[in-house]
Structure formats: structure tokens, C-alpha cells
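Comments concern the structure below.
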Amino acid sequence: MTIQQIKYIIGISETGSFNKAAEKLFVSQPSLTSTVHDLENELGITIFNRSGRGVTLTNDGQEFVSSARQVYLNFVHLAEKYDENSNIKKKFGVSTQHYSFAVKSFVEMVKGFNTNEYEFAIRETKTKEVIEDVATLKSEIGILYLSDFNRNPIEKLLKLRDLEFHHLIDCKAYVYLWKGNPLASKKEITFNDLKDYPCLSFEQGEGESYYFAEEILSNEEYHRTIKANDRASLLNLMIGLNGYTLCSGIICEELNGSDYIAVPFKDDDGDINRVMKIGYITKKNFNLSLIGQKYIGEVKKYFGFAD
């Protein structure tokens with residue numbers, strides 16, 4: 001088994017196609033196919049299911065690719081640290097819940113690197129996919145939050161996937177809404193104030209547990225709820241329907257615009273814990289790459305504290 005073979009397998013798994021992977025890896029499709037067959041014969045397993053619609057990983061393939069990504073990432077880290085003449089195009093990915101600070105920090109991090117030498121990716125996605133992306137090393141870092149409500153199930157899942165949570169900052173709950181909303185002028189907003197307005201939330205997938213919700217206090221009863229898949233749609237719904245969402249209060253006008261405001265949320269039930277512990281997840285005992293360290297440094301800088 002060689003690093004080149006591992007690189008090819010990862011490329012195919014990410015594109016879902018031998019042809020697309022061959023184009024991306026600058027290798028002929030027959031050569032790529034031959035390399036995969038040789039490795040499958042060597043290992044005694046079938047890595048890919050082939051069909052007319054492309055390829056998918058077998059169960060053995062999923063296990064192999066998860067380990068292969070770890071090996072390849074470690075190899076890239078070594079080359080990055082010790083081989084200045086290495087021509088390996090280094091990869092770095094972040095998967096995150098829908099936080100503008102995570103995107104802004106990513107932008108600032110990328111500015112410090114030559115994008116001809118690096119392949120960057122940021123994925124704003126569902127909570128479970130953030131966890132899965134980091135577990136399989138599709139992304140090096142995942143950004144999410146814990147609260148008293150979701151901590152137990154999320155931490156159990158992190159432990160099952162051999163991941164650990166690194167705490168960054170505590171935030172109270174805020175109501176995020178359009179400045180034209182009738183509630184925008186209030187100094188604080190209660191659930192009673194919100195009863196006539198739709199609650200906007202990010203869709204987590206059919207049948208997924210509400211423990212994966214990105215909005216704090218997701219276990220509360222809302223009179224009207226509308227799901228969105230992306231931040232742009234959610235912001236449009238705030239304007240079109242006077243909708244709102246509950247968030248950390250950490251907002252980025254540069255990315256979201258200046259038409260929105262975060263107002264402190266006030267609950268009447270002392271038993272409700274409205275603190276969000278925002279942090280990042282990595283593989284357990286995982287040493288961040290130089291790029292990963294730079295990214296977390298930018299996140300901390302955004303929050304106003306140094307490493």
C-alpha cells in the first residue's frame with residue numbers, strides 16, 4: 001500500500017466517480033481503476049460498489065477510508081512541517097453549524113495562504129453531518145454548541161465517534177430578527193412576545209432528533225415553525241414573514257448585512273438554561289495542522305481573545 005493509492009481512494013470517495021476523480025487527480029481513468037483493483041486485491045476487501053450512476057463505499061470501504069484519511073492527513077502534516085519543497089496540495093476543511101463567525105474566520109484564515117498550494121473547504125451543514133464529517137476526517141474541525149439540554153446525547157455521540165469537544169466561549173440566548181420587525185425596538189424579548197411570529201430554524205433532516213437543533217431552547221413549544229436549509233433563506237424569511245430565530249448573539253454584519261439585530265431573550269422560567277457553550281470538535285488526541293491552528297486562532301481573534 002502506498003500514499004499514492006490512499007490519495008486515489010480518498011479522491012474517488014469524495015467525487016463518487018472514477019472519471020471525476022481521474023480528472024481531479026490528473027491521472028488516466030484506466031490507471032486509476034487499475035490502482036484500485038490492485039489495492040483491493042492486496043487488502044482482500046472490496047472498497048467500492050460500482051454502478052452506472054457512480055461508485056459508493058462498501059462497509060469495508062467506509063472503514064478503510066476513515067483510517068486512510070487519518071494516515072494521509074498525518075503524511076501531509078509531516079510534509080508541511082519538514083519538507084519545504086513538497087509539491088503536495090494540502091487540504092483543509094471545516095464543517096460547521098450556521099455561524100457567520102465561522103465563515104468570517106475561514107475567510108481571514110484563507111487570506112494568509114497561497115490558494116494554489118492549498119485546497120480549502122467550508123461546509124455549513126446539519127449538526128449530525130458536522131459530527132460525521134470530522135469523524136471521517138472529511139473535515140479537520142467541526143463547529144457546534146452544547147447546552148444543558150443537548151449535552152448528554154451529543155457527548156455520547158462524540159464519544160462513540162472518537163471525537164472530543166474543545167470549549168471556546170459561553171453565550172446567552174438572543175432573539176435574531178429583522179430591524180423592521182415590530183419587536184426590534186424592545187430591550188429584551190420573551191416567549192410571550194414571540195407568539196404571533198414564526199420561529200425559523202435550520203432543517204436537520206427527516207426524523208432527526210431535536211437534540212441536533214441549532215437553535216437553543218428547541219424543546220420549547222412554538223406556535224409556528226418554518227424550516228430553512230441555508231442562512232440566506234432564513235434571512236429572507238425574517239424580512240418577508242417577520243420571522244425570528246434564537247441564537248448566540250454573535251453576528252457578523254459583514255456577511256449577513258446590517259438589516260438584522262440580536263435582542264436579549266428573557267425567559268420567565270428559572271429552570272430553563274439558556275447558555276450556549278460554543279466550541280469545536282476534532283478527532284480525539286488529534287494534533288491540528290498548521291492551517292487548523294491558524295483557523296482556530298482566527299475564531300479566537302473574532303471572539304476577542306488570544307490563544
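The values are calculated or read from the model by the stated rules, or taken from the named source; none is laboratory data. Given the structure is predicted, the values throughout are model-derived calculations rather than measurements. When we count neighbours, we look across all protein chains shown, and the Cβ atoms used for this are built from the backbone with ideal geometry, even at glycine. Keep in mind that these areas ignore ligands, DNA and RNA; they rest on the heavy atoms of the full protein, side chains included. Shrake-Rupley method; radii C 1.70, N 1.55, O 1.52, S 1.80 Å.
In debye to the nearest 20, how big a dipole does the chain give about its Cα centre with +1 on each Lys and Arg Cβ and -1 on each Asp and Glu Cβ?
Result for the chain is approximately 400 debye, rounded to the nearest 20.
Counting pairs of alpha carbon atoms under 8 Å apart in space and at least six apart in sequence, what relative contact order in percent does the chain give?
Reported relative contact order: 21 percent.
Looking at the chain as a GNM with Cα springs under 10 Å, which of ARG151, ARG53, ARG69 has the largest mean-square fluctuation?
ARG53
With the chain treated as a Gaussian network of Cα nodes joined by springs under 10 Å, which of PHE120, PHE92, PHE26 yields the largest mean-square fluctuation?
Largest GNM mean-square fluctuation: PHE26.
So what is the accessible area of the chain per residue, in Å², with the probe set to 1.4 Å?
51
Given R₀ = 45 Å, what would the calculated FRET efficiency be for LYS195 paired with ASN74, taking r from the Cβ atoms and rounding to 0.05?
Calculated value: 0.25.
Quickly estimate the mean residue ellipticity at 222 nm for the chain, helices only: each DSSP H run with n ≥ 4 gives -39500 (n - 2.57), and the total goes over all residues, rounded to 500.
Taken over the chain, the calculation gives -12000 deg cm²/dmol.
Tell me the carbon and sulfur percent of the accessible area for the chain, rounded to whole percent, probe radius 1.4 Å.
Exposed carbon and sulfur together represent 46 percent of the surface.
Heavy atoms only, 1.4 Å probe, whole protein assembly: order MET1, MET276 by accessible area, highest first.
Greatest to least solvent exposure: MET1, MET276.
Please state the charge dipole magnitude for segment 36-160, taken about the Cα centre, from unit charges on C-beta atoms (+1 on K and R, -1 on D and E), reported in debye and rounded to the nearest 20.
It works out to roughly 440 debye.
Tell me the GluC sites (Glu not before Pro) within segment 1-84 that lie in a loop according to DSSP and have at most 10 other beta-carbon atoms within 10 Å.
Of the GluC sites (Glu not before Pro), the ones in loops of segment 1-84 whose Cβ has at most 10 other Cβ atoms within 10 Å are GLU84.
Which option, (1) 1.24; (2) 1.12; (3) 1.04, is the value of Cα Rg over 2.2 N^0.38 Å that was calculated from these coordinates?
From the options (1) 1.24; (2) 1.12; (3) 1.04, the structure gives (2).
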